[in-house]
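What follows is one structure encoded as structure tokens, with my remarks underneath.
The values are calculated or read from the model by the stated rules, or taken from the named source; none is laboratory data. What you see is a predicted model; the values in this text were computed from it and never measured. When we count neighbours, we look across all protein chains shown, and the Cβ atoms used for this are built from the backbone with ideal geometry, even at glycine. To get the accessible areas, we keep the full protein, side chains included, count just its heavy atoms, and leave off ligands, DNA and RNA. Shrake-Rupley method; radii C 1.70, N 1.55, O 1.52, S 1.80 Å.
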Amino acid sequence: MALQYLTSQFAGKAEFRPTGIVFIDDCRHAGRIQGKMIRPTTPEDTPALLDLAVVAGLFERDQLDFLRGMLADYFADEPNDNRLWITDDAHGPVGVAYVEAERLTEGTWNLQMIAIQPDCQRQGRGAKLVRHVEQFLAARGARVLIVETSGLPNFESTREFYGKCGFNEEARIREFYKAGDDKIIFRKALPVR
């Protein structure tokens, strides 16, 4: 079960107790706060993660029903090993990652969402989330992790981030999202255990 694995793996083997949702005004202080951890996402995180998705530029407020539905479906289902939400918690969610198995494949997963609160970016938090996802997947025998993003100029830093995390550009689908907005797919082979 994914949640049980992450609770013991990433919460320092301490009992997992969700805290209240509080954004830290200045994330530069978050690294000094005791208890910072990557942990399973809980239903109580939903409001903060919806806000995070907006401030990180992934969704507009009028698009949040889609994300809210994804989270609700995840929490309503029995835990399974085909998808996973994790949260970077510094006395409240400051980052999130969502990964799911690609249907009809053997060991291919898709990092569908990764976001860090803007004032917490460029501190290694995103890379840490990616590493935790990779550890989770490697423990399950996953072979490949893919992620996709826009080809627009304002997504250059996102594409650079994936490159720094060891992903390679694998494909480009021209004008996928809309005219002039390509979909770029990155791929990373995972270590075989």
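Here are some notes:
- Distance between modelled label sites at Phe176 and Asp81, nm, 7 Å Cα→Cβ extension: 2.8 nm
- Val133, Val55, ranked by accessible area, largest first (probe 1.4 Å): Val55, Val133
- 3J(HN,Hα) along region 52-57, derived from phi through the Karplus expression 6.51 cos²θ - 1.76 cosθ + 1.60 where θ = phi - 60°, amounts to 4, 4, 6, 5, 7, x Hz, with x in place of Gly and Pro.
- Distant-in-sequence amide H partners of Leu152 (H built 1.01 Å from N, under 5 Å): Asp182
- Per residue accessible area in Å² of region 56-164, where ligands, DNA and RNA are left out and the probe is 1.4 Å: 49 Å²
- Pairwise FRET efficiency - Lys164 versus Val54, Cβ, R0 = 22 Å, nearest 0.05: 0.30
- Other-chain or far-sequence residues with amide H under 5 Å of Met113's (modelled H): Tyr98
- Overall, the anisotropy analysis places region 53-169 in the rounded class: the square-rooted eigenvalues a ≥ b ≥ c of its C-alpha gyration tensor yield a/c less than 1.5.
- Of the GluC sites (Glu not before Pro) in region 79-184, the ones in a loop by DSSP (not H, G, I, E or B) with at most 15 other beta carbons within 10 Å are Glu102, Glu106.
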